[in-house]
Amino acid sequence: MPKLKTSRAAAKRFKKTGTGLLKRNKAYKSHILTSKTTKRKRNLRKSIITDATNVKNMKKILPYL
């Protein structure tokens, strides 16, 4: 069976936790920050576990993660 290619775009955005879950950063933190509240920007800094509905597809494009 041939080797599977990792999606490089996904590999840069997702990390695997110690328990095997996928961790990602939140979106909407790159520009137009003046209109967002300090509380909102602070909460966008935190990373989050990828939702269970997307995990199957993420494991497919990240076979060696």
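Here are the numbers for the structure shown:
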{"read-out": "Selected from Leu44, Leu22, Leu33 as most flexible by GNM, with the chain as the system and alpha-carbon contacts under 10 Å", "value": "Leu33"}
{"read-out": "1.4 Å probe accessible area per residue over the chain, in Å²", "value": "88"}
{"read-out": "Positive-pole candidate from Met58, Ser7, Ala27, dipole of the chain, charges at beta carbon", "value": "Ala27"}
{"read-out": "Lysines with Cα under 18 Å of Lys41, excluding same-chain neighbours fewer than 8 positions away", "value": "Lys26, Lys29"}
{"read-out": "Cα-Cα separations in the chain greater than 13 Å, expressed as whole percent", "value": "69"}
{"read-out": "The chain, helix-only ellipticity at 222 nm - DSSP H runs n ≥ 4, -39,500 (n - 2.57), divided by all residues, nearest 500", "value": "-10000 deg cm²/dmol"}
{"read-out": "Between helix 52-61 and the chain: long-axis angle, C-alpha atoms, 0 to 90°, nearest 10", "value": "50"}
{"read-out": "Under Karplus coefficients 6.51, -1.76 and 1.60, residue-wise ³J(HN,Hα) of region 35-40 in Hz, glycine/proline x", "value": "8, 9, 6, 4, 4, 5"}
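The values are calculated or read from the model by the stated rules, or taken from the named source; none is laboratory data. All of these numbers come straight from a predicted model, not from anything done at the bench. With ideal geometry, Cβ positions are generated from the backbone for all residues, glycine too; neighbour counts draw on all protein chains shown. Heads up: the accessible areas ignore ligands, DNA and RNA and are worked out on the full protein's heavy atoms, side chains in. Shrake-Rupley method; radii C 1.70, N 1.55, O 1.52, S 1.80 Å.
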